[in-house]
Amino acid sequence: MDKALSNDGTEIAFDRLGQGQAVVLVSGASTGRAIHGSLAQLLSSGFTVFNYDRRGRGDSGDTQPYAVDREIEDLAAVIAAAGGSALVFGNSSGAVLALRAAAAGLSISRLALWDPPFMVDPGAPQPQHEYLNKLTELLAEGRRGDAMALFMTFIGLPLEMIEGMRRAPMWVGMEAVAPTLVYDAMVMGDSTVPTRLVSSIKVPTLILTGGSSGAWADDAAKALLGALPSSQHRALEGQSHAVAWDVLGPALKEYFSRPA
């Protein structure tokens, strides 16, 4: 493990493995760098992989107050540690963070996004706003477990599954990262595609979705394709939002290995 120093002094922890062009992995909500451990190993046969903990997770710090711009600076610090430019993969809401970073002008040579969770329903901003308000309220009351359960309900997990998870040993670790759920909600904005923002991105981008993720994933990909100037879409058949790394890994290696 190594650490990069972000602009506000926050230490951002990352693992570096492999050899070749730099690839940075950006995790989504409720997860740290451990989620990408197997993916990092798969990619390390052809790339130098930088797998980092976003702020407030794992071994990274969490200087307050939070702002999405601080997370963009965190990613910039990891890219600097990678040599100043990198390929970037973003997973779920981490894909949205990667998009915002590209729009901010970070030195990203190519982007790959997994199931960016944008909504195209005109009514989507209202439940997103209500979710963020309730999440903030629960965390202010110190109810981290209830905050994590709210997140899981919001993304559509069945109640019996959530209750089972709350009784499992892993729940303690999930409660530990519950405050960062607000960070991802802020990264998502009103949950719709920020068309003006993404239309400014010139970085070549591959939008990857699971063939079994649901109609929302296809709708989000279509909306992004219409807004991103240099983008393409590929569906991985048989894959849900919880993609198998041995399926995603080869798709990423092929894309990241293409000639510029």
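Just so you know, all these numbers are worked out from the coordinates, no wet-lab data involved. Just so it is clear, the structure is predicted and the values come from calculations on it, not from any experiment. Neighbour counts are summed over all protein chains in view; Cβ atoms, including those assigned to glycine, are modelled from backbone coordinates with ideal geometry.
Comparing Met1, Ala29, Met186 along the charge dipole axis of the chain, the residue lying farthest to the positive side is Met1, per the Cβ-charge model.
Each of Gln19 and Gln232 was given a label point 7 Å from its Cα along the Cα-to-Cβ line. The distance between the two points is 3.0 nm. Take each peptide in 129-135, 46-52, 88-94, 217-223, count the other Cβ atoms within 10 Å of every residue, and average; sorted highest first, the result is 88-94, 46-52, 217-223, 129-135. With Cα atoms as the point set, the radius of gyration and Dmax of region 125-185 evaluate to 11.1, 34 Å. By the rule of a C-alpha distance below 19 Å, with chain neighbours fewer than 8 residues away ignored, the aspartates and glutamates paired with Lys134 are Asp146, Glu175, Asp184, Asp190. Going toward the positive end of the dipole of region 125-185, with +1 on Lys and Arg Cβ and -1 on Asp and Glu Cβ, which of Leu135, Ala168, Thr153 do you reach last? My answer, from the dipole projection, is Ala168. Charges were assigned to the Cβ only: +1 to each Lys and Arg, -1 to each Asp and Glu. The resulting dipole of the chain about its Cα centre is roughly 620 debye. With a Förster radius of 35 Å applied to the C-beta separation of Asp2 and Ala260, the computed FRET efficiency comes to 0.80.
Put simply, when 174-183, 69-78, 239-248 are sorted by average Cβ atoms within 10 angstrom per residue, most first, you get 69-78, 174-183, 239-248.
Dividing the helix sum by the residues of the chain, where each DSSP H run of 4 or more adds -39500 (n - 2.57), gives a mean residue ellipticity at 222 nm of -12500 deg cm²/dmol.
Each of Ala140 and Gln41 was given a label point 7 Å from its Cα along the Cα-to-Cβ line. The distance between the two points is 4.4 nm. Within the chain, antiparallel bridges make up roughly 25 percent of the DSSP beta bridges whose residues both belong there. Treating r as the C-beta distance of Lys222 and Asp246 and R0 as 30 Å, the FRET efficiency rounds to 0.65.
Using the Cβ-Cβ distance between Lys253 and Ala67 with R0 = 30 Å, the FRET efficiency computed as 1/(1 + (r/R0)^6) comes to roughly 0.35. In a fully extended conformation the segment linking Glu130 and Met170 would gain 11.7 nm over its present Cα-Cα distance, using 0.36 nm per residue.
As a rough guide to protection, the peptides 5-12, 164-171 ranked by mean Cβ packing within 10 Å, highest first, stand as 5-12, 164-171.
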